[in-house]
Structure formats: structure tokens, C-alpha cells
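Have a look at the structure below, then the notes.
The values are calculated or read from the model by the stated rules, or taken from the named source; none is laboratory data. Computed from a predicted structure; not experimentally measured. When we count neighbours, we look across all protein chains shown, and the Cβ atoms used for this are built from the backbone with ideal geometry, even at glycine. Heads up: the accessible areas ignore ligands, DNA and RNA and are worked out on the full protein's heavy atoms, side chains in. Shrake-Rupley method; radii C 1.70, N 1.55, O 1.52, S 1.80 Å.
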Amino acid sequence: MRATFPYLGYDTPAIRAFFDCIGAEVVEPLPVSKRTVELGVRYSPELICMPFKVTLGSFIEALEAGADTFFMAAGARRCRFGYYHYLQDRILKELDGRCRMVPVGQYSPYDFFFRVMPRVFEVSPWRVMRALRLMLVKSVLTREFRQGLNRLRAVDFGRAEELRQPTYEMVVKAGTPAEIAAARRELRRTFATNGDRPEVAVGLVGEIYYTLEQGANQDLELELGRLGAEVLFERSLYHHLRYLLGVDLSSYRSRRLAGRYLRECPGGEALRTVGEAMFYRRRNVDGIVHVFPFTCMPENIALEALQKFSEETGMPVLSLSFDEHASPTGLVTRLEAFVDLIKRRKRGRRLHRG
Ligand code: SF4
């Protein structure tokens, strides 16, 4: 069996660590590229959501590299996400009859980790538990990598980009809990800003795949960093794993905060999107960047709630929807205008106070 999973931005090495720890033979997915998107679009139903198309493209690339067992998140309520794995399974089987899809149950994680995985890989539940623990520990490292990189980019973009690749390689290589702890210490030293603070900070909210996957969102964190804005984020593999295991307090906080603008959950992550925007406001960020796939119904509802939130609080919100035609130039122009606005707004407030 040659297992694979969809590429997931900087969190990919943490997922890889899980599979390595249970002794699976892994075909590592390629970073999301133009070709990944083109492949996904070619084999997907036209009106399906973008995360379906991009993850399918990622699977097709892994299939070309010899993968035969595909692990895909599954089981969302009130949302098309619940059908992703059925449909992807059918498409992949049409391409190669030997393909097998293993749905990763989002609402029955204990069943998935301690019943499904031991059966699929013929290992003990203890070994899966060890692998799960390693993935959690490594996802702390990948999250800190992204946080440190975003902060340094906003302070010294050139140095951050110089350090990015060698530091990421160190993150990828750290395989044991002791190596991961050492890498975290090194990471803090490498990405230290020596007291320099970014001029402005923005909170990133939205549909989970588009907030996590830099290839899919055209690396808007890099663009914002280039413009001198630090990108803060709540969504990461670490938080998602904790959420699935029922121990992530930030998700409960977001749902509680969202209640003012969105009482009922319309599906997907709309409640978290709105709740996180309110949380960032409490942290005094200068603006909110909201990202989502063009046809995403829950995030379009969140968009309306965010507009009301922005009108009432004065917090600038930039909403960006993505489809296969999204232009990188158009994205950069919008980000430039937004960062310019929040910088001027901040300077104006300082002058007003002083
Ligand atoms: S959250 Fe949005 S993008 Fe994701 S599956 Fe649901 S409708 Fe599609």
C-alpha cells in the first residue's frame, strides 16, 4: 500500500510525520501549483467547490507518482464537504481501478484513529496513539514556523525570505519529540525580531482550506508580509486536531463571540470566521482578511455578517473569494490598497490621539 493525503501548506510535514510513525509507505503530495489546480479542474464537476478541485488535483499528482490509497477528510454537516470523498473516490477509480479512498471522519476522530487506522495499517491502537501524539507535537512546530515567518516578513521581508527555506527544511527533518523541541528553540532564535514590531497586523479568517493552504490562496501571507503587515491566524492543523479531539477552547470561544452577528450555524466554518474576526478585534489588529472559495455558501453568509461587524465596529474587512480564474495581479492590487488604507488609518488615529 502506498498512502497519500492532500498537500496542506506548511502543516504538511506534521501529517507526514503521522504516517511515518505508523510505518506507512508514503507518497508525499507535491506543493499546490498551477498544474495541481488545472488537473483538479479538468476532472471535477464544474460547479463543485474549489477545495474539492485542488485536493483532487493533489491526489492525481500523487496517483501519477504511484500512490494507491488516499486519505481524505470527510463528514461535514450541512455542507458539500460531506460528499468530497465519495466523489473523489469515483473519479480516482475511473483513472485507476486500484485506487482506494479512506475517509478521515471529522466527527468520529476516535473511531478513525483507534479503529479504522489500526485496521488499515495492521498496527496496534497504541502505535496510532503514538503517531497522533507526534503529529500534534509537530503541528505545534509547523504553526510556530508560520507565525514566526509572518512576523519576521512584516519586519524584515528580505531576511525572512532568506531564512525561510533552510528553516523549513529544519522543521521537516525534526522527527522525534526531542528533535522537535530543539527545532522550536532554534526557530525562535532564527526568527527573532529583536524587539522590532510590524507597522500593522491583520487577522486571517475564512474557509479552513483557504486559510491553511498557501498554494491555493496564492500565498497572500507572503504578499501581506512584503507590504509590512503581520498576518495572525487561528486556523492551523494543531488547532484543528485539538478541535476534533474536543479539547480546543478557541473554537468554543469563536462560536460564543459569533453569536452577536450569526446565531445559527449555516454550515462549514462560518461561525468560526465571524467569531475569530471579533476575537482579533479584541487583540487590536488593524484589519481582517477574509478568504473563501467563490461558491462557498457558508462563507458567503459569513461575509454578510462580517460586513455588519465592520459597519458597527469600524474594523476594515477585506473579503477575497477564489476560483480557478483568480488573478495574482488582481490579488496583489487589492492587498496593496487594503494595507495602504489600514496604515493610513492607524497613522491618522495616532495623530488624533497625540
Ligand atoms: S465550507 Fe464552503 S468550500 Fe468547503 S465544502 Fe462547504 S461549501 Fe464548499
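Can you count the Lys pairs in the chain with C-alpha separation below 27 Å, eight or more apart or on different chains? Intermediate results must be reported in sequence, preceding the final value.
Values: LYS34/LYS53; LYS34/LYS93; LYS34/LYS173; LYS53/LYS93; LYS138/LYS173; LYS308/LYS343; LYS308/LYS346.
Lysine pairs meeting the criterion: 7.
Between GLU269, GLU169, GLU234, find the one with the highest GNM mean-square fluctuation for the chain; connect C-alpha pairs within less than 10 Å.
Its mean-square fluctuation being the largest, the pick is GLU169.
Please sort through the DSSP H helices of the chain and keep those with an alpha-carbon extent of at least 15 Å along the long axis and a Kyte-Doolittle average not below -1.0. Display every interim value, and only then the final one.
On the way: long enough: 50-64 (21 Å, 0.75); 84-95 (17 Å, -0.73); 125-155 (45 Å, -0.02); 157-173 (24 Å, -0.72); 177-190 (19 Å, -0.84); 270-282 (19 Å, -0.24); 297-313 (24 Å, -0.45); 328-353 (37 Å, -0.79).
Length and hydropathy pass: 50-64, 84-95, 125-155, 157-173, 177-190, 270-282, 297-313, 328-353.
To the nearest 500 deg cm²/dmol, what mean residue ellipticity at 222 nm is calculated for the chain from DSSP H runs of n ≥ 4 alone, each contributing -39,500 (n - 2.57), summed and divided by the residues? Don't jump to the answer; show the numbers that get you there.
Details: 15 runs with 200 residues, N = 354.
So the calculated ellipticity at 222 nm is -18000 deg cm²/dmol.
Report the extension gain between THR295 and TYR83 in nm, rounded to one decimal, defined as 0.36 nm multiplied by the number of residues separating them, less their alpha carbon distance. All intermediate terms of the calculation are to be shown ahead of the outcome.
Working: separation 212, 0.36 × 212 = 76.32 nm, distance 1.53 nm.
Full extension from THR295 to TYR83 adds 74.8 nm.
Would you mind getting me the FRET efficiency between ARG2 and ARG185? Use the beta-carbon distance for r and R0 = 30 Å, nearest 0.05. Walk me through the numbers before you get to the answer.
Working: r = 35 Å, r/R0 = 1.17.
The formula returns an efficiency of 0.30 here.
In debye, nearest 20, what is the charge dipole magnitude of the chain about its Cα centre with +1 on Lys and Arg Cβ and -1 on Asp and Glu Cβ, if you could check? Walk me through the intermediate numbers first.
Working: 53 positive and 43 negative charges, 298 e Å.
In total the dipole reaches around 1440 debye.
Counting DSSP beta bridges with both partners in segment 2-123, what percentage is antiparallel, nearest 5?
Numbers: 0 of 10 bridges.
That works out to approximately 0 percent antiparallel.
Can you classify segment 135-197 as rounded, prolate or oblate using the Cα gyration tensor, where a ≥ b ≥ c are the square roots of its eigenvalues, rounded means a/c under 1.5, and otherwise it's prolate if a/b beats b/c and oblate if not? Numbers along the way, then the final one.
Working: a/c = 2.23, a/b = 1.93, b/c = 1.16.
It comes out prolate by the Cα gyration axes.
Explain nothing, just the number: relative contact order of the chain, from Cα pairs under 8 Å at least 6 residues apart, as a whole percent.
Values: 563 pairs, mean separation 59.8, N = 354.
The normalised contact order for the chain reaches 17 percent.
Heavy atoms only, probe 1.4 Å: what % of the accessible area of the chain goes to carbon and sulfur, would you let me know?
Working: 8480 of 16310 Å².
Here it works out to 52 percent.
So, R0 is 30 Å and r is the distance between the beta-carbons of ASP96 and LEU47; what FRET efficiency does that work out to, to 0.05?
Values: r = 25 Å, r/R0 = 0.84.
With R0 = 30 Å, the Cβ-Cβ based efficiency is 0.75.
Using +1 on the beta carbon of Lys and Arg, -1 on that of Asp and Glu, and nothing else charged, what's the dipole of segment 2-123 about the Cα centre, debye to 20? Intermediate values should be presented prior to the final figure.
Details: 15 positive and 14 negative charges, 87 e Å.
The calculation lands at about 420 debye.
Need one word for the chain: rounded, prolate or oblate. Basis is the Cα gyration tensor (sqrt eigenvalues a ≥ b ≥ c); a/c below 1.5 gives rounded, then a/b vs b/c decides. Walk me through the numbers before you get to the answer.
Working: a/c = 1.67, a/b = 1.39, b/c = 1.21.
Prolate shape, in that a/c is at least 1.5 and a/b is the bigger ratio.
Between ARG349 and THR313, what is 0.36 nm times their sequence separation minus the Cα-Cα distance? Round to one decimal in nm. Mind showing how you got there, number by number?
Numbers: separation 36, 0.36 × 36 = 12.96 nm, distance 1.48 nm.
Roughly 11.5 nm would be gained on extension.
How much area per residue is accessible in the chain when the probe is 1.4 Å and only protein heavy atoms are counted (Å²)?
Working: 16310 Å² over 354 residues.
Solvent-accessible surface per residue comes out at 46 Å².
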